[in-house]
1. Within the set of pairs 6 or more residues apart or between chains, which connect a residue that is on the phi > 0 side of the Ramachandran plot inside the stretch 232-254 to a residue that is part of a helix (DSSP H, G or I) and open to solvent by less than 90 Å² (accessible area, probe 1.4 Å) with Cβ atoms less than 8 Å apart?
2. Could you run through the stretch 21-67 and say how many residues are small (G, A, S), surrounded by 21 or more Cβ atoms within 10 Å (Cβ to Cβ) and either in contact with a Leu (Cβ under 8 Å, 6 or more places away or on another chain) or over 25 Å from G158 (Cα atoms) (or both)?
3. Return the only residue of A49, A20 being farther than 16 Å from V106 by Cα, in a helix (DSSP H, G or I) and in contact with a Gly (Cβ under 8 Å, 6 or more places away or on another chain).
4. With the stretch 187-284 as the region, which helices (runs of 4 or more DSSP H) entirely inside it contain at least 2 residues that are among the acidic types (D, E) and either out of contact with any helix residue (DSSP H, G or I) (no Cβ under 9 Å at 6 or more places or on another chain) or within 19 Å of G173 (Cβ to Cβ) (or both)?
5. If you go through the stretch 222-238 one residue at a time, how many are open to solvent by less than 70 Å² (accessible area, probe 1.4 Å), of a type outside the set (A, V, I, L, M, F, W, C) and modelled with pLDDT under 90?
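The values are calculated or read from the model by the stated rules, or taken from the named source; none is laboratory data. Everything numeric here is computed off the predicted structure, so don't read it as measured data. Cβ sites come from the backbone with ideal geometry, for glycine too, and all protein chains shown count toward neighbours. Accessible surface areas use protein heavy atoms only, side chains included; no ligands, DNA or RNA. Shrake-Rupley method; radii C 1.70, N 1.55, O 1.52, S 1.80 Å.
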Amino acid sequence: MTDPITVLGLGEMGHALAAAFAAGGHPTAVWNRTPGKAPSGTREAATVADAVAAGGLIVVSVKGNEVARTLLESAGDLRGRSVLNLTDGTSDEARSVADWAVSAGVAYLHGQIMTIAPGIGHPEAVIFFGGNASVHKGHSEALALLGGRGTYISADPGAPTLYGMAVHDTMWGALNGFLHAAALLTDAGIQVSDFLDKATPSVSALLSHLPSLASEVDSGSFALEFGALQHHLPSLADLVRESKARGIDAEFPAYTQNLVTRAIASGHANDSYSRLVDHFRKAS
């Protein structure tokens, strides 16, 4: 028989999670602060304690880790139970809930979902997991129902949050750059779709360069014979001038231009672009 599961919180994401477990054949008990939102095939519990008592794996998806901890505390004695917390927040908040859980005798796993609610259950949906590896392994079949690319990454329960933030950080930088480029193109009467049709190989090559940057950052080795920082500066200057000439907001490229200029002035003209990681690191 498939393991029973409890889902606490039936917002958009919690509702999708509970529905996926139920569709996968797991007896699924749910609780929500506002009743009447239980997905088809699940059983709505009147209290958190009743819901928790029915599940072998307790899944939490609420607004904020403080709320998640408060709900778990209200469930009574949880010694020997397994908890998967899929609540968003910071890495320290995830670790704080994990510390409490361990002190309460709970086997704790934290997860960071990298899809919107309709993507739950999709073969390409990514979820990062960290914390108690036994929880991940013991409930692997149920967790696979949530996304085909779920990955256990670390014993650190804060690591999934950082992975998720790193993906979003990269995404927003790329999206802002693309939309700034789109503003330039359309101002010149060029269709953005036409640009992508012809420039996709160049754009794709940027992603293929990330492993090289990662290796340089991890090793702390930034010296580069070709394509060094000093060679980025003329192109950045041209982009800033073009933007200003067209009345396009130049703040985004000017910010990058400033970073490169400062790095060169600090003696890093012949270093890789990855040297700019020093700007974002906290001062020693």
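1. Listed pairs, sorted by first residue: G247/D187.
2. Final tally of qualifying residues: 6.
3. The match here is A20.
4. Result: 210-219.
5. Residues in the stretch 222-238 being open to solvent by less than 70 Å² (accessible area, probe 1.4 Å), of a type outside the set (A, V, I, L, M, F, W, C) and modelled with pLDDT under 90: 1 in total.
Quick grid of which residues meet (1) within 17 Å of Y273 (Cβ to Cβ); (2) among the hydroxyl-bearing types (S, T, Y):
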site: T186; (1), (2): no, yes
site: L196; (1), (2): no, no
site: A199; (1), (2): no, no
site: L210; (1), (2): yes, no
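Here's the yes/no breakdown for (1) more than 19 Å from L78 (Cβ to Cβ); (2) part of a helix (DSSP H, G or I); (3) outside the structural domain of G55 (by the TED database); (4) open to solvent by less than 10 Å² (accessible area, probe 1.4 Å):
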position: W100; (1), (2), (3), (4): no, yes, no, no
position: G111; (1), (2), (3), (4): no, no, no, yes
position: T115; (1), (2), (3), (4): yes, no, no, no
position: P123; (1), (2), (3), (4): yes, no, no, no
position: F128; (1), (2), (3), (4): yes, no, no, no
position: H136; (1), (2), (3), (4): no, yes, no, no
position: A142; (1), (2), (3), (4): no, yes, no, yes
position: G147; (1), (2), (3), (4): yes, no, no, yes
position: Y152; (1), (2), (3), (4): yes, no, no, no
